[in-house]
Amino acid sequence: MSVRIGRSVVGSEYPVYVIGEIGLNHNGDVEIAKRLIDVAVESGAQAVKFQKRTPEIATPEHMRDVPRETPWGTMSYLDYRRRVEFGEPEYLEIATYALRAGIDWFASPWDVPSVEFLEGLDVVAHKVASASVTDLALLDAIARTGKPVILSTGMSTLDEIDRAVEVLGTDRLVIMHATSSYPMPPEEANLRTIETLRGRYLGVPIGYSGHERGLQISLAAVTLGAVAVERHITLDRAMWGSDQAASLEPTGFDHLVRDIRVIGEAMGDGVKRVFPGEEAPRAKLRRVPAL
């Protein structure tokens, strides 16, 4: 089964769908967001993803008044969330910029009003963050849009994923294996889960959302059959923000997409044959001809 998302189709017969996760790495600055869109476009990714919250709803009660050191001074965690959140003017600017750049964009809504907000901007898909897998009211709101859904599965049990899939349905669903450690150590990657998910949710495209340092684990996921790869991107890992250290800088993301495309070409169709490039060595080196 394959799923169309905007300009692309996600499935085993198509090029790996690469998402540049901007998230909150823009730090509330539209110009940084635009530069990150440029990074994704120049690397050859098919989409960029943001996060959308209604801070008063999405911020856990016990976190709201916790002091947070930020580049704008010390403020409560709730005020920090308000400070970095884009509203309609910013997202309209982002939508126009992405359209002109030729790349699709969407976001992870963290609450029901954010689903409605994104629908007003006619996003091509919705992404369910790992933290939202058990938020059934949110999943129901997303399912009702009829848009394609990408479901991340970090910090989730199989039973929790099963329930989410029941709510979302499988007709327009892509499931992403993920481990929600930031940054993720290699021993927690558990990439064989890609095959577990493929066998459990038959016909649903399975991808990989990574939070590791480097490229190796994401590339290994592609060789194991991941049909989509999502990685956080940043202009500089030294920038302020909780996701920056687990993100790829422009050169790293460019190399990731390049190597994913090489792997895609190299995987082939599994039919053993003699390739044209082998004909001359075959004629030169074979002492005993085939019967």
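The values are calculated or read from the model by the stated rules, or taken from the named source; none is laboratory data. What you see is a predicted model, and the numbers here were worked out from it, not measured in a lab. Note that we place each Cβ from the backbone using ideal geometry, even for glycine, and neighbour counts take in every protein chain shown. What goes into the accessible areas is simple: the full protein's heavy atoms, side chains included, and nothing from ligands, DNA or RNA. Shrake-Rupley method; radii C 1.70, N 1.55, O 1.52, S 1.80 Å.
Remarks
- Under 5 Å between amide hydrogens, built in the peptide plane, is the criterion, and for VAL16 it picks out nothing among residues at least 5 positions away or on other chains.
- Karplus (6.51, -1.76, 1.60) ³J(HN,Hα), θ = phi - 60°, over region 70-81, in Hz, Gly and Pro reported as x: 9, x, 9, x, 7, 8, 5, 4, 5, 5, 4, 4
- Measuring nothing but protein heavy atoms, the accessible surface of region 1-73 at 1.4 Å probe radius is 49 percent carbon and sulfur.
- Shown in residue order for region 242-248 are the 3J(HN,Hα) couplings computed by the Karplus curve 6.51 cos²θ - 1.76 cosθ + 1.60 at θ = phi - 60°: 6, 9, 4, 5, 9, 9, 9 Hz (x for Gly and Pro).
- Dipole magnitude (debye, nearest 20) for region 76-129, charges at Cβ of Lys, Arg, Asp, Glu: 220 debye
- When LYS272, LYS49 are compared by accessible area of protein heavy atoms, the largest-first order is LYS272, LYS49, using a 1.4 Å probe.
- Solvent exposure of the chain amounts to 49 Å² per residue of accessible area, where only protein heavy atoms count and the probe is 1.4 Å.
- Farthest positive-ward along region 60-166 dipole, Cα basis, beta-carbon charges - from ALA131, TRP110, TYR97: TYR97
- For region 147-205, carbon and sulfur atoms together expose 49% of the accessible surface, with a 1.4 angstrom probe and every protein chain in place.
- Listed residue (THR170, PHE86, MET267) projecting farthest to the positive dipole end of the chain, Cβ model: MET267
- This model, with +1 at the C-beta of Lys and Arg and -1 at the C-beta of Asp and Glu, gives the chain a dipole about its Cα centre of some 1320 debye.
- With helices as the sole contributors, the chain gives -11500 deg cm²/dmol at 222 nm; each DSSP H run of n ≥ 4 counts as -39500 (n - 2.57), and the sum is divided by every residue.
- Under Karplus coefficients 6.51, -1.76 and 1.60, residue-wise ³J(HN,Hα) of region 182-192 in Hz, glycine/proline x: 10, x, 8, x, x, 5, 9, 5, 6, 5, 5
- For TRP105, the residues 5 or more places off, or on other chains, whose built amide H falls under 5 Å of its own are VAL48, VAL124.
- The slack in the chain from GLU69 to ASP159, taken as 0.36 nm per residue of separation less the alpha-carbon distance, amounts to 28.7 nm.
- Working value for the chain: equivalent-ellipsoid semi-axes of 37, 22, 18 Å, each the square root of 5 times a Cα gyration tensor eigenvalue, largest first.
- Database remark: amide H of LEU151 closer than 5 angstrom to the amide H of VAL128, VAL174, ILE175, MET176 (H placed geometrically; neighbours at sequence offset of 5 or more, or on other chains; Pro and chain starts carry no H).
- Percent of beta bridges antiparallel (DSSP, region 50-130, rounded to nearest 5): 50 percent
- The largest accessible area among ARG7, ARG81, ARG273, ARG287 belongs to the first residue in ARG287, ARG7, ARG273, ARG81, and the rest follow in falling order (1.4 Å probe, all chains).
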